[in-house]
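The values are calculated or read from the model by the stated rules, or taken from the named source; none is laboratory data. Since this is a predicted model, take the numbers as computed values, not measurements. Here the Cβ is made from the backbone with ideal geometry for all residues, glycine too, and neighbour counts use every protein chain on show. Each accessible area value is taken on the protein alone, full model and side chains, heavy atoms only, with ligands, DNA and RNA left out. Shrake-Rupley method; radii C 1.70, N 1.55, O 1.52, S 1.80 Å.
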Amino acid sequence: MRNRFPRLRLLSASLGLALTVSATEVQADSMASEQRNLACGSPSSLDDGWAVASPESVGMDGARLCGIAERLALRSSAVHSVVVVRHGRLVFEQYFPGIDQPWGQPEARIDFTATTKHDMRSASKSVTSLLVGIAIDRKLIAGVDASVVKFFPEYQSVKSAGWDAITLRHLLTMSSGFKWDETLPWSDPNNDEPHLAFDADPIGYVLGKPIAAPPDALWTYSGGGTDLLGNIVERVSGKPLEAFAREVLFEPLGITDLEWKSYKNGKIAAAAGLRLRPRDAAKLGQLVLNRGTWNGRQIVSEDWIAQSIAPRFQAVGYFGGTLFYGYQWWVGRSLSEGKEVRWVGAFGWGGQRIIIVPDLDLVMMTTAAQYGQPKEGLAAMDILANIVIAAVRDAH
């Protein structure tokens, strides 16, 4: 595999490649830029549903958080934003200008702010999981043990032998066993991922993949499985995925400024196409932290959240296999000042991270342009362990 995760190159081979300006230059500029909040990360009041507070009021060391920009500069990180939430209050946000390549747009320098949307890339997979849970909550889907092929009766003649044993749970945990490889170069004809973007019938392509192992026997990262889940949600709801998501998830969270992009072939990219403001992405983390509630409203069932973030498979082949995987959510841990701290995360290629730390009632969200870099995502994990978690001064 290549040293990057999770990847979805955009609509042509020219998109999603190396950045033309060095991350060091970007980060140096960011330190001097007016985009750095004068109050050292003090969040703005935007009337977007977030209550803002000082770090000290929620038991965090504001001075320590103030060191995030300096720490990022040490790693030449190309990070575009950092958002921190504790006890349900937004206590820190900082934005940095830099080179980015938003979905379907040319590479350009962007002055990121609190109102700038950013590609979520494969963090979209975790959102698709939430939508599957909502569909189950609403009895649109019987449950995770439902057979996948029953949702696609028109593909009975296309599906490969063995697909009848695959359920939604297998797709959610990426343990379905169908042959899939998106770790190869984009130009490699054996890379399955481009078929999602360019095939006239990507659903037929996925269902036609041969079964390499019985369900539950082999964990294999697959955007194809997530795209099947997104299409199932569309079929049972009778609505485009974005429309359903707006109605049942984003609007209840007060998220109105969003995009869910489609591939070149017109199919919505359930696995990678979501674009959100970082503050809004952090709401998704808070929703999970609150066991499916937002402002007292149950948006996703508590049971679904519990099922989703339970570790189910060792993610062999990614991050050295040190992380676990749930229902399209990553489960990991950090060492902060000698203490092991467990967390749940939504990960997107390039350094997009939504990290939920249940034991500390904490959410951290980052966006970045570390596409294809060996150190992708390391800056987020560094500041999580050495600054954000370390800044917590009480355990409650």
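Points to keep in mind about this one:
- Cα-based helix-to-principal-axis angle, 278-289 vs the chain, degrees rounded to 10: 70 degrees
- Using the Karplus relation 6.51 cos²θ - 1.76 cosθ + 1.60 with θ = phi - 60°, the per-residue 3J(HN,Hα) values for segment 321-336 come to x, 7, 9, 9, 10, x, 8, 6, 10, 8, 10, x, 8, 10, 9, 10 Hz, with x marking Gly and Pro.
- GNM flexibility winner over the chain from Gln373, Gln286, Gln298 (Cα, springs under 10 Å): Gln298
- Out-of-range pairs (alpha-carbon distance over 29 Å; input Lys125/Lys159; Lys125/Lys209; Lys209/Lys264; Lys139/Lys179; Lys117/Lys339): Lys139/Lys179; Lys117/Lys339
- When the Cα atoms of the chain are aligned to their principal axes, the ranges along those axes come out at 62, 45, 39 Å in descending order.
- In the full protein context, segment 351-396 carries 28 Å² of accessible surface per residue, based on a 1.4 Å probe and ignoring ligands, DNA and RNA.
- Residue-normalised accessible area of segment 210-287, given per residue in Å² at a 1.4 Å probe: 30 Å²
- Dimensions of segment 156-263 from C-alpha coordinates, computed as largest minus smallest value along each principal axis and given longest first, are 42, 32, 26 Å.
- Counting only alpha carbon atoms, the long axis of helix 23-32 and the longest principal axis of the chain meet at about 40°.
- Remark: relative contact order (the chain) = 23 percent; criterion is Cα-Cα distance under 8 angstrom and separation of 6 or more residues.
- Between the exposed loop cleavage positions of the chain, defined as GluC sites (Glu not before Pro) in a non-H, G, I, E, B DSSP state with at most 15 neighbouring beta-carbon atoms within 10 angstrom, the longest gap is 35-336.
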